[in-house]
Amino acid sequence: MARFHSKKGAFFFKYFFIFSAIVLVGLIIVGTSLMVFLSGFLREQTLDNTVLNAREMASMTSELLESSTTESNPQGAVLVVLNSIDIVSECTGSEIFLCNSQGMLTACGDVLDGFSLNHEICQKHKDFKLSQADMQKASSNGLSEYSTYDNFFQSVHSIAVEPIFAKNELAGFIVVATPISDGVINNLTMVWRLFIFAAALTLILITIAVYLLTEKIAKPIRNLENATRCYAAGDFSYRVPELNSKDELADLITKFNSMATALSYLEESRRSFVANVSHEFKTPMTTIRGFIDGILDGTIPQEKHEYYLTIVSSEIKRLSRMVNMMLNISNIESGNANLKFEHFNMSEKILSTFLGFEQLISNKSITVEGLEDLSEAPVNCDSAMIDQVIYNLVDNAVKFTDNSGKITVKVTSDKKYSYFSITNTGKGIPEKDLIKIFDRFYKVDESRSTDVKNTGLGLFLVKSIVDLHAGKITVESEVNKFTRFTLKLPR
C-alpha cells in the first residue's frame, strides 16, 4: 500500500515561530519595563550615594576646621580634607569641590601634589561657582539634583551641595558631582547581558518543547492524512495507530478508525450488493427471455403458454419490487419521499398480505396463529409504504420459518401508537448480528445462507420507512428457537 507524506516540519516551524514571537514580545516588554525601572532606580541610588558622600565630607570638614582653630597646624587640617576629597573622588568616580561661603571654588582633589599642597586652583575647575540661589537652598537643607550645572559638566550628573559650619558659622560648601551615565550604563549593560542569556535559554527551551509538542500532534495528523489518501484511492485497510492518551486527538483517531471500519464494511457490502443485484436481475431476465423465446419460436407448445407466461409475470413482478425498493431507498435518503398520510386499519393490510402468501405457507405446512384474533389497529401513515413494510416482514417470516413451523401474529394499540409483532420459529439470528440486522446490504450468513434472492436491502428499507413515520421497529431472537419483529406506528 502506498504511503503519502505531507511536508515534514511545516507544523513545527509554524508553531515555533508563533510561540517564539509571543515569548519574544513578552520578553521585550518585560525587558523594556525592567530597564526603565532599573534606570530610574540606579539614578535615584546614585543621587542618594552622592548626597551621603557630600554630608560625610561636610561633617568631616566641619570637625577638622573647628579643631584647626585650637591647634597650631591649620595647614595640616586642610591637607587632610583635600586628601580625603581625593580618596573619596577616586573611590566613587565623583568630582568633589570645596567652596567658600561666597560659593567660590577654593580647593579640589587636583590641587594636591603628592602629599604637599599646591595653592593654585586647577585649570579644569577654576570657573566653577555656586549660584546664590543654590547657596541659600544648600545652607538650610542641602541641595540635590540632576543637572549639568549650567553646562559646567558635559553630561548630566547627580549633584549634592552640603554646607560646612565651624562654630555655628557658615564656613563654606562641599560639592559632590557624580556622573550618572557611566554607572547606570555599566549596570544596565550587565543586566542586558543577563537578559539576552535568559532569552536565548528560553528560546532553546521553547524549541525543545514545541518540537516535542508538535511532533506529538503532527505524527497522528500525518497518519490521518495518509489514511484519507488511502481511502480516497479505495483502500480501506489502513488504520491510524491509536494514542495512549485521553485527549481530543486520541478520541478523534478512535472515531476515525471506527469510521474506516464502517466504510470498509459499506464498501464490501456495496460490492456484494452490486454482485447480488446483477445476479438478481440476470436470473429473472434470463428466465423471461428463455420462456418468451420458447413461445415465439414454438419450442414451448401452445397448451403450455399460459403456464410459462404465469412464471414470466411472477418474475416481472419480482423485478418490479426490486426496482421499487431501490427507488424508495433512494428517495428516502435524498429527502424526496412524498408521504401521503391517511388513516387506515393496519390489521386489514396484515390479513391481505398473508393471503398473498397463502400458497407458500401451505407448501411449507406452516401454522399461522393470531390472524383470527386481530383487533383494530388504526394508524396515520402512508399506505403504500406501510404495505412494503408489512410485506417485507411477512415475507421474511415465511421465508425463514422451517417446514411445519409456526408464525404468530399479534396486534395491539394504545392512545398514541398501534403495535404489530410477527414471530416465526426457525434458525433465529445470532446475538452478534442483531445490532446490524437493519444495516444496508447486511445479510446474516448462517441464518440467510439459503436465501439466494436476498439483497440485504429489505430490512434496511423497512427501518427507513418506519423512521420516516416517527415509528420504531425492534427485533428479538434466540438461535434455533424464534425471531420476533415488533413494529410501532403512530395512530
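The values are calculated or read from the model by the stated rules, or taken from the named source; none is laboratory data. Small disclaimer: the values here were computed from a predicted structure and weren't measured. Cβ coordinates were reconstructed from backbone atoms using ideal geometry, including for glycine residues, and neighbour counts include every protein chain displayed. Only protein heavy atoms, including side chains, enter the accessible area calculation; ligands, DNA and RNA are left aside. Shrake-Rupley method; radii C 1.70, N 1.55, O 1.52, S 1.80 Å.
When residues of the range 464-482 are filtered for being open to solvent by 60 Å² or more (accessible area, probe 1.4 Å) and within 25 Å of Lys406 (Cα to Cα), how many remain? Working first, answer last.
Narrowing the range 464-482 to residues open to solvent by 60 Å² or more (accessible area, probe 1.4 Å): 467-468, 470, 472, 476, 478-481.
When the remaining residues are screened for being within 25 Å of Lys406 (Cα to Cα), the result is 472, 476, 478-481.
Here the count works out to 6.
Looking at the range 111-147, which of its residues are among the small types (Gly, Ala, Ser), modelled with pLDDT of 80 or more and in a strand (DSSP E or B)?
First, the residues of the range 111-147 that are among the small types (Gly, Ala, Ser): 114, 116, 131, 133, 138-140, 142, 144, 147.
If we keep only those that are modelled with pLDDT of 80 or more too, we end up with 131, 133, 138-140, 142, 144, 147.
Of everything in the range 111-147, those that are among the small types (Gly, Ala, Ser), modelled with pLDDT of 80 or more and in a strand (DSSP E or B) turn out to be Ser144, Ser147.
What are the residues in the range 224-257 that are closer than 19 Å to Leu213 by Cβ, among the small types (Gly, Ala, Ser) and part of a loop (DSSP other than H, G, I, E, B), if any?
Scanning the range 224-257 gives a single hit, Ser245.
Identify the residue in the range 166-191 that is among the hydrophobic types (A, V, I, L, M, F, W, C) and open to solvent by 40 Å² or more (accessible area, probe 1.4 Å) and, among all such residues, is modelled with the highest pLDDT.
The first filter runs over the range 166-191 and keeps only residues among the hydrophobic types (A, V, I, L, M, F, W, C), leaving 166, 170-171, 173-177, 180, 184-185, 188, 190-191.
Filter once more, so that each one left must be open to solvent by 40 Å² or more (accessible area, probe 1.4 Å): 170-171, 185, 190.
Numbers: Leu170: 86, Ala171: 83, Ile185: 70, Met190: 79.
So, considering only residues that are among the hydrophobic types (A, V, I, L, M, F, W, C) and open to solvent by 40 Å² or more (accessible area, probe 1.4 Å), the one modelled with the highest pLDDT is Leu170.
Can you name every residue in the range 335-388 that is among the hydrophobic types (A, V, I, L, M, F, W, C), under 24 Å from Ser314 (Cα atoms) and in contact (Cβ under 8 Å) with a residue 60 or more places away in the chain? If you could, list the steps in order and put the result at the bottom.
To start, the set of residues in the range 335-388 that are among the hydrophobic types (A, V, I, L, M, F, W, C) comprises 337, 339, 341, 344, 346, 350-351, 354-355, 357, 360-361, 366, 368, 371, 374, 377, 379, 381, 384-386.
Those still in the list that are under 24 Å from Ser314 (Cα atoms) too: 350-351, 354-355, 357, 360-361, 366, 384-386.
The answer is Ile350, Met385, Ile386.
Within the range 204-222, work out how many residues are over 15 Å from the mean Cα position of the chain (by Cα) and open to solvent by less than 30 Å² (accessible area, probe 1.4 Å).
Matching residues across the range 204-222 total 2.
Please go through (1) at pLDDT below 85; (2) buried (at least 19 other Cβ atoms within 10 Å of the Cβ); (3) not β-branched (Val, Ile, Thr) for Leu434 and return the number of the only condition it doesn't satisfy.
Looking at each condition in turn, Leu434 falls short on (2).
Return the residues of the range 240-269 that are within 15 Å of Asn226 (Cβ to Cβ) and buried (at least 16 other Cβ atoms within 10 Å of the Cβ); say none if nothing qualifies.
Answer for the range 240-269, where residues must be within 15 Å of Asn226 (Cβ to Cβ) and buried (at least 16 other Cβ atoms within 10 Å of the Cβ): Val240, Ile253, Phe256, Asn257, Ala260.
Given the condition among the β-branched types (Val, Ile, Thr), assigned to a helix (DSSP H, G or I) and surrounded by 14 or more Cβ atoms within 10 Å (Cβ to Cβ), answer yes or no: does some residue in the range 332-349 qualify? Outline the logic, then answer.
Here is the first cut: in the range 332-349, the ones among the β-branched types (Val, Ile, Thr) are 332.
Those left that are additionally assigned to a helix (DSSP H, G or I): 332.
Restricting the remaining residues to those that are surrounded by 14 or more Cβ atoms within 10 Å (Cβ to Cβ) gives 332.
Yes.
So how many residues does the range 230-239 have that are surrounded by fewer than 16 Cβ atoms within 10 Å (Cβ to Cβ) and touching a residue at least 60 places away in the same chain (Cβ under 8 Å)?
Residues that pass the stated criteria total 3.
Here is a yes/no grid of residues against (1) open to solvent by 70 Å² or more (accessible area, probe 1.4 Å); (2) of a type outside the set (Ser, Thr, Tyr); (3) over 30 Å from Glu169 (Cα atoms):
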position	(1), (2), (3)
Val23	no, yes, yes
Gly26	no, yes, yes
Leu38	no, yes, yes
Asn53	no, yes, no
Ala58	no, yes, no
Thr61	no, no, no
Glu66	yes, yes, no
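Pull up the range 402-425, narrow it to residues that are without any contact (Cβ under 8 Å) to a residue 60 or more places away in the chain and touching a Lys or Arg at 6+ places or on another chain (Cβ under 6 Å), then point me to the one that is nearest to Glu369 (Cα to Cα).
Thr425
Please find, within the range 396-425, the residue that is nearest to the chain's Cα centre (by Cα) out of those that are over 13 Å from Ser347 (Cβ atoms) and of a type in the set (D, E, K, R). Full working, then the answer.
So in the range 396-425, the residues over 13 Å from Ser347 (Cβ atoms) come out as 396-408, 414-417, 423-425.
In the following step, the residues that additionally are of a type in the set (D, E, K, R) were identified as 399, 402, 406, 414-416.
On the way: Lys399: 52, Asp402: 56, Lys406: 58, Asp414: 49, Lys415: 48, Lys416: 45 Å.
Per the criteria, the residue is Lys416.
For the range 441-473: of the residues being part of a loop (DSSP other than H, G, I, E, B) and closer than 24 Å to Asn380 by Cβ, which is modelled with the highest pLDDT? Explain how you work it out, then say what you get.
Narrowing the range 441-473 to residues part of a loop (DSSP other than H, G, I, E, B): 441-444, 449-457, 469-471.
From the residues that got through so far, the ones that are closer than 24 Å to Asn380 by Cβ too are 469-471.
Details: His469: 85, Ala470: 87, Gly471: 90.
The residue in question is Gly471.
Just one of (1) in contact with a Ser or Thr (Cβ under 7 Å, 6 or more places away or on another chain); (2) under 27 Å from Leu143 (Cα atoms) trips up Leu203, so point out which.
With respect to (1) in contact with a Ser or Thr (Cβ under 7 Å, 6 or more places away or on another chain); (2) under 27 Å from Leu143 (Cα atoms), Leu203 is out only on (2).
Given Leu266, Leu249, Leu224, which one is at pLDDT 80 or above and farther than 30 Å from Thr92 by Cβ? Before the answer, list the steps.
Working: Leu266 fails: at pLDDT 80 or above; Leu249 fails: at pLDDT 80 or above.
Exactly one residue qualifies, and that residue is Leu224.
Could you check the range 131-156 and list, in sequence order, the residues that are surrounded by 18 or more Cβ atoms within 10 Å (Cβ to Cβ) and either in contact (Cβ under 8 Å) with a residue 40 or more places away in the chain or among the charged types (D, E, K, R) (or both)?
If we filter the range 131-156 for residues that are surrounded by 18 or more Cβ atoms within 10 Å (Cβ to Cβ), which is where we start, we get 134-135, 138, 143-144, 149.
Of everything in the range 131-156, those that are surrounded by 18 or more Cβ atoms within 10 Å (Cβ to Cβ) and either in contact (Cβ under 8 Å) with a residue 40 or more places away in the chain or among the charged types (D, E, K, R) (or both) turn out to be Asp134, Ser144.
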